[in-house]
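Below is one structure, written out as structure tokens; the observations come after it.
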Amino acid sequence: MDNDIINAPDSAAADVPAAVDPAEFAVAEAEAKESTGTYTHTFSRPFMVDGTPVEELTFDWAGLTAEDSLAIENELQMMGKAVIALEFSGEYLLRMAMRACTTTVNGRRVGIDAFRRMPIADYNRIRGRARSFLLRLGL
């Protein structure tokens, strides 16, 4: 048995999973410093949800609980999707945004299907805010 010990370098990048681009991680860390517990996203043009135009969505990241995170992880496991790094999993961040969204349309919460049909530029901004919130928490 080999008793050699290999020490990781002393940096935040040592905690980054190998599948994550270090440059992308550095940008996300910088954005995380400005992250707050809430975010209101304004669409460049109204986004249709169940036939209703939506101009903005509000998210309460700080209102999420451990139960929300565990439910998201369980849902992804049931789908056969492994989550290595929460803050870099599009599927995790999409479900996190859906749960944090406080905007209702026609008396109902905005569902996962609506988020999937969202223009990619808007989705990426929302996903980035969710990622920044997680990184600010040090997850």
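Observations on the structure shown:
- Ile112 vs. criteria of a type in the set (A, V, I, L, M, F, W, C) and surrounded by fewer than 17 Cβ atoms within 10 Å (Cβ to Cβ): yes
- Unique residue being part of a helix (DSSP H, G or I), modelled with pLDDT of 95 or more and either of a type in the set (D, E, K, R) or over 19 Å from Ala121 (Cβ atoms) (or both) when the list is Glu67, Glu29, Glu56, Glu24: Glu67
Residue by residue, here is whether (1) assigned to a helix (DSSP H, G or I); (2) of a type in the set (D, E, K, R) holds:
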position: Thr40; (1), (2): no, no
position: Met48; (1), (2): no, no
position: Ala82; (1), (2): no, no
position: Arg99; (1), (2): yes, yes
position: Ala121; (1), (2): yes, no
position: Arg125; (1), (2): yes, yes
position: Gly128; (1), (2): yes, no
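- When the test is whether a residue is in contact (Cβ under 8 Å) with a residue 60 or more places away in the chain and part of a helix (DSSP H, G or I), Ala114 passes it.
- Just so you know, in region 94-108 the residues that are touching a residue at least 40 places away in the same chain (Cβ under 8 Å) and within 22 Å of Gly37 (Cβ to Cβ) include one that is surrounded by the most Cβ atoms within 10 Å (Cβ to Cβ), and it is Ala100.
- Looking only at region 91-118, and only at residues there that are of a type outside the set (Gly, Ala, Ser) and under 10 Å from the mean Cα position of the chain (by Cα), the one that is nearest to Met48 (Cα to Cα): Met98
- Within region 84-117, the only residue that satisfies the criterion of being farther than 20 Å from Arg131 by Cα, polar (S, T, N, Q) and out of contact with any strand residue (DSSP E or B) (no Cβ under 7 Å at 6 or more places or on another chain) is Thr104.
- Among the conditions (1) over 14 Å from the mean Cα position of the chain (by Cα); (2) of a type in the set (Lys, Arg); (3) buried (at least 17 other Cβ atoms within 10 Å of the Cβ), the only one that Arg131 does not satisfy is (1).
- Asp68 vs. criteria surrounded by fewer than 17 Cβ atoms within 10 Å (Cβ to Cβ), touching a residue at least 24 places away in the same chain (Cβ under 8 Å) and farther than 19 Å from Arg45 by Cβ: yes
The values are calculated or read from the model by the stated rules, or taken from the named source; none is laboratory data. All figures in this text were calculated on a predicted structure; none of them were measured in a lab. FYI the Cβ positions are ideal-geometry reconstructions off the backbone, even for glycines, and counts take in every protein chain you see.
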